[in-house]
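Working notes, beginning with the structure itself.
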Amino acid sequence: MINKDVALSTEFKTQTKKAITSIVIFAIVYFIIFVLALGLTAFCVYFGVMLIVTVPGLVTIALGLGLASLGFLVTFFLLKFIFKKNKIDRSHLTEITESEQPELFKMIHDIVNEVGTTFPNKVFISSDVNASVFYNSNFWSMFLPIKKNLHIGLGLVNTIHTSELKAILSHEFGHFSQKTMKVGSYVYYVNQVIFNMLYDNEGFDKMVQQWANASGYFAIFVIVAVKIVQGIQWILRNMYEFVNKNYLGLSREMEFHADEIAANVTGFEPLKSALLRMNLADYSFNAVVGFYEGKIAENIISKNVFKEQYYLLNFYAKEDNLPLIDGLPDITLDELNKFNKSKLVIKDQWSSHPSTEDRISHLENTKLSVTYTANELANTLFKNIETLHETFTTKMFAEVKYEETPKTLSLDGFKDEFKKEHLKNTFSKVFNGYYDNKTLVPFEINDIDENEELPATVDALFSDKHVNRNYEALALQNDIETIKQIKDKTIKVKTYDYDGKKYNAKESAALINQLQNQLDAINEKIKANDINIFRFFKQAEINNNPSKLTELYTTFFEFDKEFDSKFKIYTELSDKLQFINVTTPYEQIKSNFIKVKSLERKLKENIKQFTADDKYKTEITKDIKESFETYLLKEWLYFGTQNYIDKNLETLFMALNNYAYILSKGYFLHKKEVLDYKVLLLDKLEVA
C-alpha cells in the first residue's frame, strides 16, 4: 500500500509537534485564565455579601451586587462559547451513490485500495471548481473518530482529464490517510472559541450595557469587568496567532505529503498539469457567473454554465496562444508566471496551501514519472453528466430574484454575447498587452518635439521588451509596498529574500531606497516610450483629424488627476464607517455619523456628475441607477435611539460600492477611447 511506502518528512513531523504543542499550550492558558476568573468570582461574591451584611443599606446592596457581578461577567464571557451553535451551510452539496455513478465509484475504490486508506463516509458533488475532504467538526469530534467525506466539484471535473481527476482524488485520499487531520479538528474548535470571545459579542455587550444602565453603582464594576475582558482578548489574539501559525505550517506539509501519495498513484505529471490549469478553470467559471450577474436586470439565465465554462476555458487559451492537448489548454509554469517579475520571496506563514510553484517543485523531485497517452475528459466518468450540469445550473440560479420569468440563453447566444462584451471590455491585440496593467503616463503635450525621428513600426513600440518593462515596474512597485509593510511591522516577518539575497526587517529602509531608484529609472524609460507612442500616432493623424489625439490625451490626463481625489472619497468613507462593525457607545456612533456628512456631500455631488454624463449611460444599469436615485433622494438617518437602521445603511453602502465601480469604469472608458482611436488611425494607415 502506497500510504505505508510514503515516509513522513522531517519537516512534517516537526510541524506536527509544533501544532499539537500550540494546542496544548492554548488549553493550559485558557485553563489558567478560567481558574483565575473563578477565583475572582468567588472573591467578588464573598466581599459583596460581606459588604451587604456588614453595612446593610440600599447603597451597599447596590455596591455588593455590582462587585459580585464583576466576577460573574468575566466568567460568563469565558464560557459563553458553549451556548453558541455553529451551523455550516452545506446546502450546495448533493450526495451521490455508487448505483448512480458506478464508473466514478470504481475509480474511488481503486484509489482507496492502492493508497491503503478508508472509503469515504459519503461522497458529494457541487458546482465548485474544487475537490476536498471534510468532516463534521464539533466538540465531540475532538475525541471520537472522524468520519471523512469526499467532495468533488463539477466545475473542476469539467476542466480536467480522467488521469488528472485520478491524481486529484489520490491527493484527497492522501489526506484521508493522515492521522494529523485530527489536529485540524482541535484547531477548528479552538478557533471557534477564540472567535466567539473576540468578535461574537453582540449579545454579551447588550447584556453588559443593560446591567450598567440599571445603576450608576453597577456601571463602576462593569467598567472594571470590561477592562479585564479586554485584557483576556489581548491574550487570545496572541494565542490565535500562535496556534494557527503552527497549524498552517503543518497544513502545508500535509499538502506536500498528499501530493507525493498522488504521484505514487498516477505519476507527478497529471497533478502538475491540473494544478497549472486550475487558475484558468476557476477564472473561466467565475467569468460565466459574472456574465449572468450582469444579466439579472434582463431576466436572462443559463441552461448549462459548465458548457459555457468549457467554452471560455478554450476561448482564453486561444487568446493567450496556449496549445490544446486532448481538448484542454496545456499551461506551463513559465506561462503561469509570464508576467510575474517580482524578486521578493516571503515565507507565507498564514497560507494553508503551498504555492503552485512549490507544489510542482516537490512533485517533480519525486521523479515518479508515468508515460500516458490520449486522455478522455473527466466528465465521461459521470452518467448523465449533461443532466447533472443542468440541475446544478438551475440550483445556482434558484436563489436569484427576477422581476419576470427568466429566459434561457442558448450556448450560441452566450458565445455571441460574451464576445461582444469581451471586445467592449478589452483592448486591441495590436498593443500586445502593453496597456493591460498600465495607465497612459502623463507628460507635457506642448513640449513634444514632433520633428524628432519616429520609431519605425508599431511592433517596435509595443514589443515584448516594452511590455516586460511595464511588468517589471509593476512588480517593483508591489515589492516596495510589501517591504514597507515589513518595515512598519504590518507584515510580521523577521527575514525575507530579495533577488536571491536574504534581508532582515531592519534592512528594509535601505532596500526600499535602492528599489525606488530602480523603479524611477524604469519609469523614465516607460515614459520615453509613451511619448514616442504619442508622436507616432500624432504623425499618423496628420491627414485625418490633427487635433483629436491631443484632445483625447488631454481629457484623459485631466480625468487621471481627478480620479485619485474622487476615489479617495470612497476609501475614506469606507474607513470611517468601519465603526459599525464593532461595539461602539451610542453617543460615539451619532458623533461618527455627523463626521462623515461632509464626505457624503462630496459623494452625492460626484454621483450627480456620473448620472449627467453621457459617457456613463451604457454603464449605469437599471439597478445602479435606482441605487443612486434612492440615495440622492434625501438625507438618510442611519442610527435610531439604540439601533442601526439597517435598510438605510444598505442604501448608503449600495450607492458607495456602485460609485467605486462606475468611477473605475470611467477610468477604463477614458483609456479605451484613446486606444480605440489609435486602432482607427492604424486601420487608415493600412488602407493608405
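Every number in this text was worked out from the coordinates using simple rules, so none of it is lab data. What you see is a predicted model; the values in this text were computed from it and never measured. In this analysis, Cβ positions are derived from the backbone assuming ideal geometry, glycine residues included, and neighbour counts consider all displayed protein chains.
So the values come out like this:
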quantity: Sum of -39500 (n - 2.57) over DSSP H runs of 4+, divided by residues of the chain (222 nm, nearest 500); calculated: -22000 deg cm²/dmol
quantity: Whether segment 400-556 is rounded, prolate or oblate, judged on the alpha carbon gyration tensor where a/c under 1.5 counts as rounded; calculated: oblate
quantity: Test item: Cα-centred dipole of the chain, Lys/Arg +1 and Asp/Glu -1 on Cβ, debye; calculated: 2740
quantity: All lysines inside 18 Å of Lys367 as judged from Cα atoms, apart from same-chain residues fewer than 8 positions distant; calculated: Lys272
quantity: Structure-derived Cα Rg over 2.2 N^0.38 Å - corresponding label in [x] 1.16; [y] 1.09; [z] 1.00; calculated: [x]
quantity: Entries of Lys538/Lys608; Lys343/Lys678; Lys295/Lys548; Lys597/Lys634 with Cα pairs more than 24 Å apart; calculated: Lys538/Lys608; Lys343/Lys678; Lys295/Lys548
quantity: Rounded to 5, the percent of DSSP beta bridges in the chain classed as antiparallel; calculated: 70
quantity: Filter on Lys166/Lys307; Lys484/Lys625; Lys595/Lys647; Lys525/Lys566 - keep pairs with C-alpha separation over 31 Å; calculated: Lys484/Lys625
quantity: Global form of segment 543-688, assessed from the alpha-carbon gyration tensor, a/c cut-off 1.5; calculated: prolate
quantity: Part-to-part distance (alpha-carbon centres) for segment 441-504 and segment 298-337, which is given in Å; calculated: 30
